[in-house]
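Have a look at the structure below before the remarks.
FYI, it's all coordinate maths here, none of it is from the lab. Predicted, not measured: the structure shown is a model, and the values here were computed from it. No Cβ is skipped: glycine too gets one built from the backbone with ideal geometry, and neighbour counts run over all protein chains shown.
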Amino acid sequence: MPQTFAAADAVELAVVDRSGFIESRHSGIAIVLAADGTIATKLGDPSALILPRSSLKPLQALACLVGGAPLDGERLGLATASHSGTERHVAAVRDILSAAGLGEEDLACPPAWPGDTAARDELVRELGQPSRIRMNCSGKHAAMLLTCVTNGWDTEGYLSPEHPLQLHTREVIERLLGEKVAATAIDGCGAPVYATTLFGLARAVHRIGNSSTTSPFALHRSAGVLVQAVRENPWTIDGPGRPDTIVNERLGVFAKGGAEGVMVMVAPDGTTVALKMLDGSGRAATAVALRLLERAGALASPDVAATMSQLPLSVSGGGQDVGAIRPAF
């Protein structure tokens with residue numbers, strides 16, 4: 001059975017400090033690629049297999065774009081997102097569905113409450129219910145449906161790994177990875193998610209993040225358009241006050257977290273980091289990735305420190321901050 005790395009192949013990436021006592025430790029693997037694509041740093045075994053979870057979304061969104069889906073700006077940002085379900089997010093997803101001539105009922109992702117606290121509270125006050133369009137992956141699903149309509153593919157069963165959409169998506173993903181996927185699993189939203197090496201994921205994200213909108217190659221032009229769309233609309237990729245949006249807004253870093261402690265980032269200069277926490281916790285992933293980019297010289301230390309102060313890294317005791325979640329290096 002395919003499986004991810006063992007504890008013996010991991011290194012300590014983060015600790016939880018409570019009142020000067022190290023209470024918990026997060027081990028994992030990480031890799032940093034320099035702007036030219038060479039390996040700058042390896043922590044643990046980056047050849048190990050992982051499930052990228054939502055960190056795969058930039059690759060899936062690019063497959064939709066390459067497949068002819070008319071996506072740009074905010075709508076392309078939503079296709080790449082794990083959004084927090086605000087009204088602004090939902091409106092953009094509805095725009096994608098409208099372009100496909102479809103509605104919320106055509107989404108195959110499960111119903112969910114908004115991740116944004118204010119949006120959820122408002123929905124509760126209005127006696128609303130969880131819905132498919134509020135689910136954090138609804139932008140990806142809407143983009144997949146639009147790609148199906150654009151190509152004349154049946155929208156029924158669009159999540160099946162054997163559906164033409166998913167076969168096309170897998171082919172694009174493997175081109176970007178530079179390797180064959182090792183296994184196929186079902187993500188939390190119901191879409192296929194593919195086992196890749198951490199190095200392969202880093203290589204794919206590096207290629208996307210270093211692409212130009214004026215490249216002579218169509219795939220790279222589309223990748224450049226995708227990254228530009230997210231950087232110009234950072235609210236789309238995550239949500240107000242949420243980590244991926246914060247690092248994009250403050251540092252110009254293209255970031256996409258995934259469930260089970262996965263994170264990928266591309267700095268403005270093209271330096272790329274990918275990591276996976278062995279215990280599946282993502283609470284330290286953003287901080288560790290930023291620190292790795294700082295160590296690589298891609299981000300200035302004062303800028304990283306200021307951004308870290310905006311992230312949910314404090315440890316509380318008696319209603320006060322008594323410690324912090326912090327990188328272990």
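Looking only at the range 227-239, which residues are more than 13 Å from the chain's Cα centre (by Cα) and part of a helix (DSSP H, G or I)?
The answer is Gln228, Ala229, Arg231, Glu232, Trp235.
Can you list residue pairs whose Cβ atoms sit under 7 Å apart, with the first residue in the range 304-329 being over 23 Å from Arg250 (Cβ atoms) and the second being not in a strand (DSSP E or B)? Count only pairs 6 or more apart in sequence or on different chains.
Going by the 7 Å Cβ cut-off, the qualifying pairs are Gly317/Ser19; Val322/Ser19; Gly323/Ser19.
Restricting the search to the range 134-161, which residues are farther than 16 Å from Arg94 by Cβ and not polar (S, T, N, Q)?
Matches in the range 134-161: Cys148, Gly152, Trp153, Asp154, Glu156, Gly157, Tyr158, Leu159, Pro161.
So, Leu127, is that one more than 30 Å from Ala202 (Cα to Cα), among the aliphatic types (A, V, I, L, M), touching a residue at least 12 places away in the same chain (Cβ under 8 Å) and not in a helix (DSSP H, G or I) or not?
Considered against the rule, which asks whether it is more than 30 Å from Ala202 (Cα to Cα), among the aliphatic types (A, V, I, L, M), touching a residue at least 12 places away in the same chain (Cβ under 8 Å) and not in a helix (DSSP H, G or I), Leu127 comes out as no.
Go through the residues of the range 81-89 one by one and say whether even a single one is over 20 Å from Arg132 (Cβ atoms) and either of a type in the set (A, V, I, L, M, F, W, C) or surrounded by fewer than 24 Cβ atoms within 10 Å (Cβ to Cβ) (or both).
Quick first cut of the range 81-89, residues over 20 Å from Arg132 (Cβ atoms) only: none.
Within the range 81-89 (the criterion being over 20 Å from Arg132 (Cβ atoms) and either of a type in the set (A, V, I, L, M, F, W, C) or surrounded by fewer than 24 Cβ atoms within 10 Å (Cβ to Cβ) (or both)), the answer is no, since none of the residues qualifies.
How many residues does the range 97-108 contain that are part of a loop (DSSP other than H, G, I, E, B) and surrounded by fewer than 24 Cβ atoms within 10 Å (Cβ to Cβ)?
5
Could you list, in sequence order, the residues of the range 281-313 that are part of a loop (DSSP other than H, G, I, E, B) and polar (S, T, N, Q)? Please lay out each step first, then the result.
So in the range 281-313, the residues part of a loop (DSSP other than H, G, I, E, B) come out as 281-284, 296-300, 309-313.
Selection gives Ser281, Ser309, Gln310.
State whether one or more residues within the range 118-132 are in contact with a Cys (Cβ under 7 Å, 6 or more places away or on another chain) and at negative phi.
Yes, because at least one residue in the range 118-132 is in contact with a Cys (Cβ under 7 Å, 6 or more places away or on another chain) and at negative phi.
Which condition breaks for Leu167 when tested against (1) part of a strand (DSSP E or B); (2) free of Cβ contacts under 8 Å to residues at least 40 places away in the same chain?
(1)
When only residues in the range 130-164 that are charged (D, E, K, R) and assigned to a loop (DSSP other than H, G, I, E, B) count, which is farthest from Gly103 (Cα to Cα)?
Among them, the one singled out is Glu162.
Name the single residue that is surrounded by the most Cβ atoms within 10 Å (Cβ to Cβ) among those in the range 186-239 being touching a residue at least 12 places away in the same chain (Cβ under 8 Å) and hydroxyl-bearing (Ser, Thr, Tyr).
Selected residue: Thr196.
Of the residues that sit in the range 240-265 and are touching a residue at least 12 places away in the same chain (Cβ under 8 Å) and in a helix (DSSP H, G or I), which one is surrounded by the most Cβ atoms within 10 Å (Cβ to Cβ)?
So the residue we want is Val247.
Regarding Ser138, is this residue within 21 Å of Gly188 (Cα to Cα), crowded, with 18+ Cβ neighbours inside 10 Å and in contact with an Asp or Glu (Cβ under 7 Å, 6 or more places away or on another chain)?
Criteria not met by Ser138.
Looking only at the range 134-168, which residues are more than 24 Å from the chain's Cα centre (by Cα) and aliphatic (A, V, I, L, M)?
Correct list: Val149 only.
Of the residues Ser54, Ser19, which single one is at positive phi, out of contact with any Phe, Trp or Tyr (no Cβ under 7 Å at 6 or more places or on another chain) and polar (S, T, N, Q)?
Ser19
Quick check: anything in the range 46-59 surrounded by 14 or more Cβ atoms within 10 Å (Cβ to Cβ), farther than 30 Å from Asn151 by Cα and among the β-branched types (Val, Ile, Thr)?
Yes, the range 46-59 has at least one match.
Do we find that Arg134 is in contact with a strand residue (DSSP E or B) (Cβ under 6 Å, 6 or more places away or on another chain), farther than 14 Å from Ala61 by Cα, basic (Lys, Arg) and touching a residue at least 24 places away in the same chain (Cβ under 8 Å) in this structure?
Yes, satisfied.
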